[in-house]
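Working notes, structure below.
The values are calculated or read from the model by the stated rules, or taken from the named source; none is laboratory data. Model, not experiment: these values are computed from the prediction. When we count neighbours, we look across all protein chains shown, and the Cβ atoms used for this are built from the backbone with ideal geometry, even at glycine.
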Amino acid sequence: MTTERARRLRREATAGERRLWALLRDRRLQGLKFRRQFPVGPYVLDFVCLRHRLALEADGPLHDPERDARRDAWLAARGFRVIRFANAEITRDRVHAAVIAAIEPGPGGEV
């Protein structure tokens, strides 16, 4: 069921998701491989770089903050980091800066 939902979401992408995918597809951002509408457990992530366990979410005006918090906590418990962008915030510079900050090694050398 989740795979079918992911396929439907790929076909019916929002304007924000299309803009974000244009920045990420074909390894356009730092050579990182992103997948779109990718199932992880009971959820479908808008975009995910599995190598860095980094999820990017394009949030429209109808997102439920409580549901998003539960989802983000579930993902964090499994080692994923989630970066959320409001549709109006999706610009090349903002996305690039957020992704680079998320994947650069921390002070102890961990990524």
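Listed by position, the helices (runs of 4 or more DSSP H) contained in the chain that have at least 1 residues being in contact (Cβ under 8 Å) with a residue 60 or more places away in the chain are 15-24, 92-103.
On the given criteria, is residue 81 under 21 Å from residue 100 (Cα atoms) and at pLDDT below 95? Answer is no for this residue.
Only residues that are over 15 Å from residue 48 (Cβ atoms) and surrounded by fewer than 19 Cβ atoms within 10 Å (Cβ to Cβ) were counted in region 14-27, giving 6. Would you mind telling me which numbered condition in (1) out of contact with any strand residue (DSSP E or B) (no Cβ under 8 Å at 6 or more places or on another chain); (2) loosely packed, with under 15 Cβ neighbours inside 10 Å; (3) more than 25 Å from residue 2 (Cβ to Cβ) residue 65 fails? Unmet condition: (3). So which of 72, 59, 46, 93 ends up being of a type in the set (Asp, Glu) and surrounded by fewer than 16 Cβ atoms within 10 Å (Cβ to Cβ)? That would be 93, the only listed residue that is of a type in the set (Asp, Glu) and surrounded by fewer than 16 Cβ atoms within 10 Å (Cβ to Cβ). For residues that are closer than 18 Å to residue 102 by Cβ and over 14 Å from the mean Cα position of the chain (by Cα), tally how many sit in region 1-53. Final tally of qualifying residues: 4. Scanning region 54-78 for residues that are farther than 21 Å from residue 35 by Cβ and acidic (Asp, Glu) gives 64, 66.
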